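Working notes, beginning with the structure itself.
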Amino acid sequence: MQIQEAVELIVAARPLLGEQPVKWLELGAGSGTFTQALARILPAGSTIYATDLRPQHIPSTDTVNIHSQRLDFLQDELSFSAIDGILMANSLHYVQNKSTFLQKLRPCLHPMGRLIVVEYNTESANHWVPYPISFPKLAVQAKTWGFTSVMKLGERTSVYQNGGMYAAHIS
């Protein structure tokens, strides 16, 4: 996926993010495609902590600071606090027990914190997507995790999964 395609998938979140600088945490940044997409929709002066098992240097933009660092979000302690948002693009499907994992994330988030999730819209597991979560299932589970709003931001076809991909904003 190209950066502009990633932007198109999540851009509907822009009006929900406000106009003041914010701090975001990305879990599973990979090569930085969605990091760069998020940087394009965040307010100027914002910061993204882009974490991955094998972090790559992801350059800051003219308006958003990006800090790449090593983190195994499944195993390591998350030592972040007062984060305004967490981005999980193609990484939540590696989490087997999502309820326990969300309890691990809660202390990192500002009380009004939000999540942006990008996932395959399927319940069929495979080697690359071991614990998938479709949008309908995510919408139901997010409420049990204490969030009050789940909004689909966008969707697109996928060459890897028949159900395509979706992006969701959870607050």
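The values are calculated or read from the model by the stated rules, or taken from the named source; none is laboratory data. This structure is a prediction, so every number in the text was calculated from the model and none was measured. Here the Cβ positions follow ideal geometry from the backbone for every residue, glycine too, while neighbour counts run over all protein chains shown. Calculation scope for accessible area: heavy atoms of the full protein, side chains included, ligands and nucleic acids excluded. Shrake-Rupley method; radii C 1.70, N 1.55, O 1.52, S 1.80 Å.
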With every protein chain in place, what's the accessible area of THR51 (1.4 Å probe, Å², nearest 10)?
0 Å²
By the Cα gyration tensor axes a ≥ b ≥ c (a/c under 1.5 gives rounded; else a/b larger than b/c gives prolate, otherwise oblate), the shape of region 60-171 is rounded
Which distance in Å, rounded to a whole number, links the C-alpha centroids of region 55-112 and region 138-171?
17 Å
Taking K and R as +1 and D and E as -1, what net charge do the other residues with C-beta under 10 Å from the C-beta of ALA37 add up to?
-1
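In what sequence, largest accessible area first, do GLU77, GLU123 appear using a 1.4 Å probe?
GLU77, GLU123
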Leading residue at positive end of dipole, region 21-128 (Cβ point charges), from SER81, LEU92, TYR49:
SER81
Report, in deg cm²/dmol and to the nearest 500, the calculated mean residue ellipticity at 222 nm for the chain, where each DSSP H run with n ≥ 4 adds -39500 (n - 2.57) and the sum is divided by the residue count.
-5500 deg cm²/dmol
Neighbourhood net charge (14 Å Cβ-Cβ; Lys/Arg +1, Asp/Glu -1) for LEU53
-2
Among LYS104/LYS152; LYS104/LYS137; LYS23/LYS137, which pairs are too far apart, with a Cα-Cα distance over 22 Å?
LYS104/LYS152; LYS23/LYS137
Measure of exposure for MET112: accessible area at 1.4 Å probe, Å² rounded to 10, is 140 Å²
Label point 7 Å out from SER149 along Cα-to-Cβ: which residues of region 15-31 have amide N under 12 Å?
15-18
Quick one: which residues, 5 or more positions from ARG114 or on another chain, have an amide H under 5 Å from its amide H? H modelled 1.01 Å from N in the peptide plane, none for Pro or chain starts.
GLY85, ILE86
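So for region 1-117, averaging the separation of alpha carbon pairs under 8 Å that are six or more residues apart and normalising by length, what relative contact order in percent results?
Details: 218 pairs, mean separation 27.9, N = 117.
Over region 1-117, the number comes to 24 percent.
How many percent of DSSP beta bridges within the chain run antiparallel, rounded to 5? Could the numbers behind the result be given before it?
On the way: 12 of 32 bridges.
In the chain, DSSP labels about 40 percent of beta bridges as antiparallel.
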Can you compute 3J(HN,Hα) from phi for each residue in region 43-59, using the Karplus curve 6.51 cos²θ - 1.76 cosθ + 1.60 with θ = phi - 60°, rounded to whole Hz and x for Gly and Pro?
x, 4, x, 6, 10, 10, 9, 8, 10, 6, 4, 10, x, 10, 5, 10, x
Please list, in order along region 136-144, the HN-Hα scalar couplings obtained from phi with the Karplus expression 6.51 cos²θ - 1.76 cosθ + 1.60 (θ = phi - 60°), rounded to whole Hz, x for Gly and Pro.
x, 5, 4, 4, 6, 5, 4, 5, 6
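Using heavy-atom solvent-accessible surface (probe 1.4 Å) with all chains present, what is the largest-first order of THR144, THR33? The partial results should precede the final answer.
On the way: THR144 105, THR33 35 Å².
Ranked list, largest accessible area first: THR144, THR33.
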